[in-house]
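A short write-up of the structure that comes next.
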Amino acid sequence: MKELLHKLDEIKSLRVQGATNVAKYGMELLHDFTQRHQNLPARKLFNDLIKAKELIKNARATEPALRNGLQFVLNKLNYLKEDPSVNIADYVTEYSKIYIETLRNAKERIKEIGSERIPTKRYFNILTHCHSSVVTGILLRAKEQQKNFHVFCTETRPRFQGYITAQELLDANIETTLVVDSAMRWVVRNYPIDMILIGADAITSEGTVLNKIGSRLLALVAREMHIPYYVATPLLKYNPESVFGTLEKIEMRDYTEIWENKPKELKIKNPAFETVSRRYIDALITEAGIFPATLVSRVFYEQYPDLKPVGQF
């Protein structure tokens with residue numbers, strides 16, 4: 001477990017960022033852990049895998065794509081635990097690869113579906129917040145389709161993920177304008193924004209989305225100015241535990257991201273995410289299609305029946 005705990009620092013320290021990257025890295029950690037302990041008796045290895053899963057999934061809050069991946073592997077292994085001839089390590093490797101490939105395929109499908117929301121025959125203005133590989137994927141696909149549009153993106157303090165978004169769009173020759181976060185409302189009052197498009201870090205059973213701090217502020221602007229507000233996300237960011245009342249935790253990050261050498265008496269709060277209620281979301285754009293956020297629980301289990309809870313080990 002010591003080696004696993006050491007490697008989890010990559011997630012805790014934010015050196016690994018982005019839901020897909022975090023999920024991939026977490027699955028790799030589970031795989032590596034199993035390989036190191038593959039000579040243990042089957043029952044002992046199963047029990048240790050449960051402990052490893054808990055350590056990995058708790059490495060960072062608001063990462064349901066990682067938690068769903070770990071649950072997917074353990075659900076699959078649950079049916080094999082009584083077979084002494086099974087090599088657990090081989091199956092962990094196989095199922096981890098299947099999950100990551102499923103996540104990649106979901107993102108590819110979302111690019112196709114989301115790009116259809118950008119029209120062909122007229123100029124289109126889009127506003128986005130933070131950096132989402134799904135959102136930029138949609139925009140890049142729309143550019144490949146030779147659609148004519150302009151993207152406004154926020155700088156996204158305090159880690160400036162909006163710079164990543166802006167650079168990726170510029171590299172694809174997409175017209176891009178960067179604004180400070182506090183200029184969200186100014187943009188929509190001074191430019192004819194046709195659509196607001198953001199990603200998501202988590203979705204609850206109520207259809208509430210968790211995303212980078214500032215996302216709800218943007219939703220309120222959208223409601224005031226009657227602008228469609230879409231959330232593009234793989235369904236694998238849905239939190240199945242939320243149906244039982246479990247709340248997604250808002251990750252509170254270190255104050256040094258904002259002011260490293262702050263006055264000693266000054267208190268700083270640095271929430272990484274916030275909630276966006278379903279009533280502000282026009283629709284989710286997912287690999288299963290575009291639908292109201294209230295339907296997410298039903299569509300999730302239709303799309304991924306293997307993620308239904310099974311018995312514990």
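Per-structure values
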quantity	calculated
Matching entry among V209, V221 (being under 25 Å from E112 (Cβ atoms) and among the aliphatic types (A, V, I, L, M))	V209
Yes/no for K121 being of a type outside the set (A, V, I, L, M, F, W, C) and not assigned by TED's automatic domain parsing to the domain that holds A272	no
Counted residues, segment 289-300 - those being of a type in the set (S, T, Y) and surrounded by fewer than 16 Cβ atoms within 10 Å (Cβ to Cβ)	1
Long-range neighbours under 6 Å by Cβ, at least six apart or interchain, first residue within 19 Å of N239 (Cβ to Cβ) within segment 1-26, second in a loop (DSSP other than H, G, I, E, B) and modelled with pLDDT of 75 or more	I11/A59; I11/R60; V22/V16; V22/E63
Any chance L220 is crowded, with 23+ Cβ neighbours inside 10 Å, of a type outside the set (F, W, Y) and in contact (Cβ under 8 Å) with a residue 12 or more places away in the chain	no
Subset of segment 177-213 [in a loop (DSSP other than H, G, I, E, B), among the charged types (D, E, K, R) and at pLDDT 95 or above]	D194
Condition met for E108 (among the acidic types (D, E) and farther than 26 Å from K76 by Cα)	no
Search result, residues across segment 36-49 that are surrounded by 14 or more Cβ atoms within 10 Å (Cβ to Cβ), assigned to a helix (DSSP H, G or I) and not acidic (D, E)	A42, L45, F46, L49
Filter result for the condition that a residue is assigned to a loop (DSSP other than H, G, I, E, B), surrounded by fewer than 17 Cβ atoms within 10 Å (Cβ to Cβ), at pLDDT 95 or above and hydrophobic (A, V, I, L, M, F, W, C), over L247, L266	L266
Residue in segment 86-95 that is over 30 Å from T256 (Cβ atoms), of a type in the set (S, T, N, Q) and part of a helix (DSSP H, G or I) present	yes
Hits in segment 269-288 (condition: of a type outside the set (D, E, K, R), surrounded by 12 or more Cβ atoms within 10 Å (Cβ to Cβ) and farther than 27 Å from E112 by Cβ)	N270, A272, F273, T275, S277
Residue among T233, T256 that alone is surrounded by 12 or more Cβ atoms within 10 Å (Cβ to Cβ), within 21 Å of the chain's Cα centre (by Cα) and assigned by TED's automatic domain parsing to the domain that holds M184	T233
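The values are calculated or read from the model by the stated rules, or taken from the named source; none is laboratory data. Given the structure is predicted, the values throughout are model-derived calculations rather than measurements. A quick note on method: Cβ atoms are made from the backbone with ideal geometry, for glycine too, and the neighbour counts reach across all protein chains shown.
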